[in-house]
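J.: Here it is: the structure, laid out below.
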Amino acid sequence: MNPFELTCSEAAVEMARRYGKGAFHASALYREVFKHGNTSPAGVKEFAQSPALAAKLVQDLLLPSCRIERQEGEETLKFASRLHDGGVIESVVIPSGGRTTLCVSSQVGCRMGCRFCTTGGMGFVRSLSTAEIVWQAYAARFLLGRRVDNVVFMGMGEPFDNLDAVIQAVRVLNDQRGLDIPLGRITLSTAGHVDGIERLAALDLPKLRLAVSLNAADNSLRDTLMPINRRYPLERLKEALLRFPLARDGVVFVEYVLLAGVNDSLDDAGRLVRFLEGLRARVNVLAYNSGSAQRYAAPSAEQVRRFCGWLAEKKVFVRARQSKGREIAAACGQLGAALSQPK
């Protein structure tokens, strides 16, 4: 039994199936793992009258075979985790505004091939299991001692290319008897995987936040920057976003990485405004962060202000997001730059 793959209710069902025990022992085990970071039931008061069960669980519990291999930074902290098969992922802890956000990975590498993203240049290795995704939050909270208030699936990989494992991880992260991260503080980010967006829409989780990495509102340019656009062009992406069920006060977050001389003109801003028509959206503009492959130039602060100003004039809700962790290659688009090959 692997508690990192199960909600508390699912753990109770599994406990009953395997050991003839139910919610009482499952809740105690779940609490110890996700409230206290204790992965052994030995010594837990609820198991005092069931020492044989506790001993059996110690033998049977399947825990993620992950270890923190490297960490960099102080306030913004990036940590690399070695997986059971030698693969490596990176995660980032980002304090801001009295809260702490954890940026998690959903894959080793990525098959999307976005030209401005270091992870995309790695190619695709494999998708993570639910347990490996949840372990990143466990590691941040209990191994690194960092509070985790928000989780964003904006690390390595395309979450919608691994949606089954990601959604189960969301359920585990959200479980109030465990890590207790509200759905409204969990964001799934996609490069525009329309089939995944439509699958997510059918699950009826309106409080879960959706972010779309857009970066161009012209099919020709987006085809070049983001090959996924050839499969899901802008027209189809917008249709999916228009149909996506949002909470009463919910919005779609549109991420726009500004590349100097590429997608930062007044015409580019105008095309973005037209794409946003009819959408309940907020736009986050990010200056390009160069990674291992410096294909583009970063815009100046003035260029960022000018682009945001054009959008604001058209009544678009826009903000310039400050990238944290650039000095440790932990900012958006930089993860994977320092990874070693699997051993």
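The values are calculated or read from the model by the stated rules, or taken from the named source; none is laboratory data. These numbers come from a predicted model, not from an experiment. FYI the Cβ positions are ideal-geometry reconstructions off the backbone, even for glycines, and counts take in every protein chain you see. Heads up: the accessible areas ignore ligands, DNA and RNA and are worked out on the full protein's heavy atoms, side chains in. Shrake-Rupley method; radii C 1.70, N 1.55, O 1.52, S 1.80 Å.
J.: Can you list, bin by bin at 5 Å, the percent of alpha carbon pairs in region 22-95, starting at 0?
T.: Percent of Cα pairs in each bin: 3, 14, 18, 16, 13, 12, 12, 9, 3, 0.
J.: Accessible area per residue, 1.4 Å probe, Å², for region 177-253: what's the number?
T.: Working: 3310 Å² over 77 residues.
In whole numbers, region 177-253 has 43 Å² accessible per residue.
J.: Equivalent ellipsoid semi-axes for region 77-117, as square roots of 5 times the alpha carbon gyration tensor eigenvalues: give them largest first, rounded to whole Å. Could the numbers behind the result be given before it?
T.: Numbers: eigenvalues 102, 51, 10 Å².
The three semi-axes for region 77-117 are 23, 16, 7 Å.
J.: While we're looking at this one, here's another question. Can you tell me the alpha carbon radius of gyration of region 163-280 divided by the globular rule-of-thumb value 2.2 N^0.38 Å?
T.: Details: Rg = 15.4 Å, N = 118, 2.2 N^0.38 = 13.5 Å.
Against the compact-globule rule of thumb, the ratio is 1.14.
J.: How would you rank 241-249, 27-35, 216-224, highest first, on the average number of other Cβ atoms within 10 Å across their residues? Don't skip to the answer; put the middle values down first.
T.: Details: 241-249: 13.1, 27-35: 20.3, 216-224: 16.9.
In descending order of packing, they fall as 27-35, 216-224, 241-249.
J.: I've got another one for you. Separation of region 1-73 and region 141-186 by C-alpha centroid, Å?
T.: 19 Å
J.: Right, here's the next one. Across region 115-127, in residue order, what do the Karplus-derived ³J(HN,Hα) couplings come to in whole Hz, using 6.51 cos²θ - 1.76 cosθ + 1.60 with θ = phi - 60° and x for Gly and Pro?
T.: 6, 9, 10, 5, 4, x, x, 6, x, 9, 9, 6, 7
J.: May I have the extent of the alpha carbons of region 98-222 along their three principal axes, as whole Å values ordered from largest to smallest?
T.: Cα extents, longest axis first: 47, 31, 29 Å.
J.: Same structure again: Which Cα, out of L272, V283, A247, lies furthest along the positive dipole direction of region 221-311 (beta carbon charges, K/R +1, D/E -1)?
T.: A247
J.: How large a share of the accessible area of the chain, in percent, is made up of carbon and sulfur atoms when the probe is 1.4 Å and the other protein chains stay in place? Don't skip to the answer; put the middle values down first.
T.: Values: 7190 of 14960 Å².
Here carbon and sulfur together make up 48 percent of the probe-accessible area.
J.: Normalized C-alpha radius of gyration of the chain, against 2.2 N^0.38 Å?
T.: So the Cα radius of gyration is 1.04 times the expected 2.2 N^0.38 Å.
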